[in-house]
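Here is the structure we will look at.
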Amino acid sequence: MTLRSGARSPRRERVGEQLREEISTMMLTEIKDPRVRLASISRVRVSPDLREAWLTVSAFGVIAERQNVVLALGHAEGYLRAQLGRRLENLRS
């Protein structure tokens, strides 16, 4: 079976959904910054080799509050990456 360029494989869909669930859970239960609670992960795109993912974040509030959400997530990026690496280390195998 050949996938056309840009098509999503079932595995990429599953990995994206698992990433979305894990990050959403961490945002609610582990990240202590209250600004993050105003956001949710609405979409995850995963590269074909599963090495990269791009998140789409939905945030509530006025523009300044939404910008603060992005700053808070940027500040937590290292923590999120480390935790995902531990939790999902077998995804690429």
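The values are calculated or read from the model by the stated rules, or taken from the named source; none is laboratory data. Being a predicted model, the structure only gives us computed values, none of them experimental. Cβ: placed from backbone, ideal geometry, glycine included. Neighbour counts: every protein chain shown. Note: accessible area is taken over every heavy atom of the protein model, side chains too, but ligands, DNA and RNA are not part of it. Shrake-Rupley method; radii C 1.70, N 1.55, O 1.52, S 1.80 Å.
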Just to be sure before I move on: is E22 crowded, with 16+ Cβ neighbours inside 10 Å, acidic (D, E) and under 15 Å from the mean Cα position of the chain (by Cα) in the structure I sent? yes
Within the range 52-70, the residues that are exposed (fewer than 13 other Cβ atoms within 10 Å of the Cβ) and over 13 Å from the mean Cα position of the chain (by Cα) are F60, V62, I63, A64
Over the range 40-50, the set of residues at pLDDT 90 or above and under 24 Å from E89 (Cβ atoms) is I41, R43, V44, R45, V46, S47, P48, D49
Considering the range 19-46, residues that are touching a Ser or Thr at 6+ places or on another chain (Cβ under 6 Å) and of a type outside the set (K, R), and then whichever is nearest to G61 (Cα to Cα), we arrive at S40
Sole miss for R45 among (1) charged (D, E, K, R); (2) surrounded by 12 or more Cβ atoms within 10 Å (Cβ to Cβ); (3) closer than 23 Å to Q18 by Cβ; (4) out of contact with any helix residue (DSSP H, G or I) (no Cβ under 7 Å at 6 or more places or on another chain) is condition (4)
If I filter the range 5-18 for residues that are within 17 Å of V70 (Cα to Cα) and either modelled with pLDDT under 90 or open to solvent by 70 Å² or more (accessible area, probe 1.4 Å) (or both), do I get at least one hit? no
The residue that is surrounded by the most Cβ atoms within 10 Å (Cβ to Cβ), considering only those in the range 71-93 that are free of Cβ contacts under 8 Å to residues at least 12 places away in the same chain and of a type in the set (S, T, N, Q), is N90
Output for Cβ contacts, cut-off 6 Å, separation at least six or different chains, first residue of a type outside the set (A, V, I, L, M) in the range 34-54, second assigned to a helix (DSSP H, G or I) and modelled with pLDDT of 90 or more, reads R35/N68; R35/V69; R35/A72
